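For reference, the structure is listed below as structure tokens.
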Amino acid sequence: MRLPLAFLLGATSLCAQTHTTNVDERKVPAYTLPALAVGEAKDWPRQRAALLAQFAHHVHGRTPATPGKIRVRVDGERDDCLGGLAHRTLLHIDLPELPGWHGMDVLLYVPQQAKAPVPCFFGLNFAGNQSVTDESDVPSTVAWLEDGPNVLAHHALPTSAGADASSWPLRTVVAHGFAIATVHYGDLEPDHKDGWRDGVRGAFAAKDATTHEGDAAWGAVGAWAFGLSRLVDHLVTDPRLDPARLAVVGHSRLGKAALWAGVQDERIALVIANESGEGGAALMRRDFGETIGDLVHNFPHWFCPRFAEYANAPERCPVDAHQLLALCAPRLLYVASARDDWWCDPRGEFLAAQHASAAWEPFGKRGLPAGDWPANHVRIGNEVGYHVRPGEHGLTPADWRHFLDFAELHWSQKH
Ligand code: GCU
């Protein structure tokens, strides 16, 4: 798992050597959140559209309209996967009208015994589809990979097979009756400053340079979110899957991408952000752990150029994370934290979900209750769910157990 850069280099933010990373709850300065405008349920579509436009303008940039329809190629199918539990499909999805993008490889498992269309979890992975499964015939990704113990010069080493399997407990998910699909995020855009040239943003810019211009041009998080929606384009057509029960899951930077996909794409019924931190579920005005300044300094390619204006002044940003989370209303939202993941400000993630909860009320739905940060592993909330687990940054089987419980609670009653 990734360690925060600032952690490796000491506790001083890299942004403007003037800001010292705060990890002391007693030193969090007072802050005032922008109001969450919640009227009657009938007003929400209009309020939601206005808020969404603000996030595009100030944080993530504009997502261009999708040119044409996806094209899907089946690269492989097997019936006897995950110890006989699952049918496995390998797919390649691209956009014929966006020829500059090479497309993305999808790994999809569907429970063998399914009698009716099943719900499906889906999300991006960090290290290639081969890394999430111990099945050695899943091909290694050919797209850019971040160098690490199992990756050399951006190419997967044989040891990368199954290396991230603990973050993707495929057998457990399928045994609970859910399908699960994943794509490597590098298929959408390599994660570095110049990565846009080799991903969907570059492909769009080749067609229309204005998509890459101006303060509200989209960033890499937007490109990764775009890929999630193109995966939804396919999932809703697979007759084995229930299009009304699709759950996006993302961890850390890919939790930021899952949130941005989830708030934009209302076909996604459940949005799960695991330890998504600053620029994700954590309140930006709460000075604890990573700041906007750290984000835009260390990852200048993730957000729209305008976001950098708020590097040392989060209070000037017209929006904050509770409003991003509220954009999921009245659908299901789940936020998860790890107690020692101070860089992500776990308490700030909880507070954002709590403040967002008002957006569910006009629909007669309930988010998180008022009250303190819950104890470890106590799952709270109704249509908005939350847990914090002990330990550090990572997507673990224990987190997945909560996601499955939450999805089963809401979905098994109705189907
Ligand atoms: C860095 C970054 C975080 C991000 C994390 C990750 O630590 O500062 O914002 O969430 O990487 O993606 O693992």
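The values are calculated or read from the model by the stated rules, or taken from the named source; none is laboratory data. This one's a predicted model, so the numbers in the text were calculated from it and none came from an experiment. Every residue, glycine among them, receives a Cβ derived from its backbone with ideal geometry; neighbour counts consider all protein chains shown. We work out accessible area using only protein heavy atoms, side chains counted, and drop any ligands, DNA or RNA first. Shrake-Rupley method; radii C 1.70, N 1.55, O 1.52, S 1.80 Å.
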- Item | Search result, residues across segment 382-397 that are crowded, with 17+ Cβ neighbours inside 10 Å and without any contact (Cβ under 8 Å) to a residue 40 or more places away in the chain | none
- Item | Matching entry among Ala153, Ala205, Ala217, Ala161 (being surrounded by 15 or more Cβ atoms within 10 Å (Cβ to Cβ) and without any contact (Cβ under 8 Å) to a residue 12 or more places away in the chain) | Ala205
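Residue by residue, here is whether (1) out of contact with any Asp or Glu (no Cβ under 9 Å at 6 or more places or on another chain); (2) over 18 Å from Phe403 (Cβ atoms); (3) polar (S, T, N, Q) holds:
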{"site": "Val236", "(1), (2), (3)": "yes, yes, no"}
{"site": "Ala281", "(1), (2), (3)": "no, no, no"}
{"site": "Ile292", "(1), (2), (3)": "no, yes, no"}
{"site": "Pro300", "(1), (2), (3)": "yes, yes, no"}
{"site": "Ala313", "(1), (2), (3)": "yes, yes, no"}
{"site": "Leu333", "(1), (2), (3)": "no, no, no"}
- Just a yes or no: is a residue in segment 99-111 exposed (fewer than 15 other Cβ atoms within 10 Å of the Cβ) and free of Cβ contacts under 8 Å to residues at least 60 places away in the same chain? no
- Message: Residue pairs, Cβ under 6 Å, 6 or more apart or interchain, first in segment 36-50 and in contact (Cβ under 8 Å) with a residue 24 or more places away in the chain and within 13 Å of Trp360 (Cβ to Cβ), second assigned to a helix (DSSP H, G or I) and open to solvent by 60 Å² or more (accessible area, probe 1.4 Å). List them.
- Response: Ala41/Phe363
- Query: So, of the residues in segment 274-301 that are of a type in the set (A, V, I, L, M) and open to solvent by less than 10 Å² (accessible area, probe 1.4 Å), which turns out to be farthest from the ligand (Cβ to nearest atom)?
  - Reply: Leu283
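Per-residue answers, yes or no, for (1) in contact with a His (Cβ under 9 Å, 6 or more places away or on another chain); (2) more than 20 Å from Leu95 (Cα to Cα); (3) not in a helix (DSSP H, G or I):
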{"position": "Lys193", "(1), (2), (3)": "yes, yes, yes"}
{"position": "Arg201", "(1), (2), (3)": "yes, no, no"}
{"position": "Asp215", "(1), (2), (3)": "yes, yes, yes"}
{"position": "Trp218", "(1), (2), (3)": "yes, no, yes"}
{"position": "Gly227", "(1), (2), (3)": "no, no, no"}
{"position": "Leu231", "(1), (2), (3)": "no, no, no"}
- Task: Just name the residue that is nearest to the ligand (Cβ to nearest atom) out of those in segment 231-264 that are open to solvent by 20 Å² or more (accessible area, probe 1.4 Å) and basic (Lys, Arg).
- Result: Arg253
- Note on the structure: Matching residues in segment 318-344 (within 19 Å of Ala217 (Cα to Cα), more than 16 Å from the ligand (Cβ to nearest atom) and open to solvent by less than 10 Å² (accessible area, probe 1.4 Å)) number 1
- Task: For segment 345-378, enumerate the residues that are open to solvent by less than 10 Å² (accessible area, probe 1.4 Å) and either more than 20 Å from Leu270 (Cα to Cα) or within 16 Å of the ligand (Cβ to nearest atom) (or both).
- Result: Asp345, Pro346, Gly348, Glu349, Ala352
- Query: Only one of (1) in contact with a Cys (Cβ under 9 Å, 6 or more places away or on another chain); (2) outside any loop (DSSP other than H, G, I, E, B); (3) within 16 Å of the ligand (Cβ to nearest atom) fails for Val271. Which number is that?
  - Reply: (3)
- Item | Only one of Ala6, Ala30, Ala16 that is at pLDDT below 95, surrounded by fewer than 19 Cβ atoms within 10 Å (Cβ to Cβ) and aliphatic (A, V, I, L, M) | Ala16
